[in-house]
1. Per DSSP H run of n ≥ 4, the term is -39500 (n - 2.57); total these for the chain, divide by its residue number, and report the mean residue ellipticity at 222 nm rounded to 500 deg cm²/dmol.
2. Can you give the angle from 0 to 90° between the axis of helix 155-168 and the longest principal axis of the chain, with both taken from C-alpha atoms, to the nearest 10?
3. For the chain, what does the accessible surface come to per residue with a 1.4 Å probe? Please give it in Å².
4. Projecting each Cα onto the charge dipole of segment 117-248 (Lys/Arg +1, Asp/Glu -1 at the beta carbon, about the Cα centre), which of Gln176, Trp200, Ala217 comes out farthest on the positive side?
5. Using Cα pairs closer than 8 Å and at least 6 residues apart in sequence, work out the relative contact order for segment 115-204, in percent.
6. Using Cα-Cα distances under 8 Å and only pairs 6 or more residues apart, what relative contact order does segment 142-193 have, in percent?
7. State the answer as a single residue: which of Thr57, Asn146, His283 lies farthest towards the positive end of the charge dipole of the chain, with beta carbon charges of +1 for Lys and Arg and -1 for Asp and Glu, about the Cα centre.
8. What lysines sit close enough to Lys258 to cross-link, taking a C-alpha to C-alpha distance under 26 Å and skipping anything fewer than 8 places away on the same chain?
Amino acid sequence: MKKFFRKGSGEMLGLTYVTVFIVILFIFMCTLFQLSFGLYDVNKMLMSSSRAAAVCTSMEDAQKQAELVAESTSNNRNVNHIETNIKYADGFSKWKSGASIIVTVKAKVKIMGTVFKSRTYSKSIPVTIENLDGFSGSNLQEQIFNYLKQNGFTDEAACAVLGNIEQECNTWDPKQVQIDGGWAAGLFQLENYRLKSGRWKNLDTFAKARGKSWDDASSQLDFMIYEASGGDPFIANNIKKYYSDGFNGFKQETDIDKATTVFEKAYEIAGNAYLQNRITAAHRYYNQFHR
């Protein structure tokens, strides 16, 4: 070994070159990973903020909501200086259902400290405004049915949601908190109300950005659509297991039993709890509201 590494030997010089090469390769790979994760976060923020903007009631509301959702979506320390911008797409100048807007998210991605310079990346996406004029109906169940219909749900899919809500929130009170420990709350009984975290916290943030409270029924329904449409990648991917086109496929479902089951498994994630009760309730609402 001493002979191999003796001073002046080419082996020592070769080892030095190899070490330098490995260090440079390591830095390059770390930079590549940081950049990839950073761009993934920018894209995730874009999808979340665009869904949030689509269900707002005004341009001002959409801008505020998009900013808040974008900032709360990323927990990557290397992604900062987050900015959002919303403008009307060509041919549109008024906030109304069916109009198109362009949502842009811009953020600085930090790479390997001072070794490489940080860069600002910007991504945009067009979305269609889905806001409603408000609830209509003689009771909350009918109001929710009409709300979902206006958002493109079939009667069967809308009633599947109603059947699940009845099992989750039998009082039909958007303020309902789980009696056993207070872990879940609202129409969809989202957790964790007690710890003020998780999906409930996301709902609370979503509602506050619109100037409303978490226990507002319309905010909870808007949030459900937001989550299922991509605002929550985990929920959206759950739905894609059953429909290749995701939530849009669910909205077009005409089999009540399947729609109710999918919503329970993919959105409520209740572990098949009282599934038959959910299906029975969904059929009852279908017989009541189907025209």
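The values are calculated or read from the model by the stated rules, or taken from the named source; none is laboratory data. Not measured: the values here are computed from a predicted model. No Cβ is skipped: glycine too gets one built from the backbone with ideal geometry, and neighbour counts run over all protein chains shown. Note: areas computed on protein heavy atoms with side chains; ligands, DNA, RNA excluded. Shrake-Rupley method; radii C 1.70, N 1.55, O 1.52, S 1.80 Å.
1. Values: 10 runs with 142 residues, N = 291.
That calculation yields -16000 deg cm²/dmol at 222 nm.
2. 80 degrees
3. Values: 15220 Å² over 291 residues.
Result: 52 Å² per residue.
4. Positive-end residue among those listed: Trp200.
5. Contact order relative to length: 13 percent.
6. Details: 54 pairs, mean separation 11.9, N = 52.
This gives 23 percent for segment 142-193.
7. Thr57
8. Lys149, Lys240, Lys241
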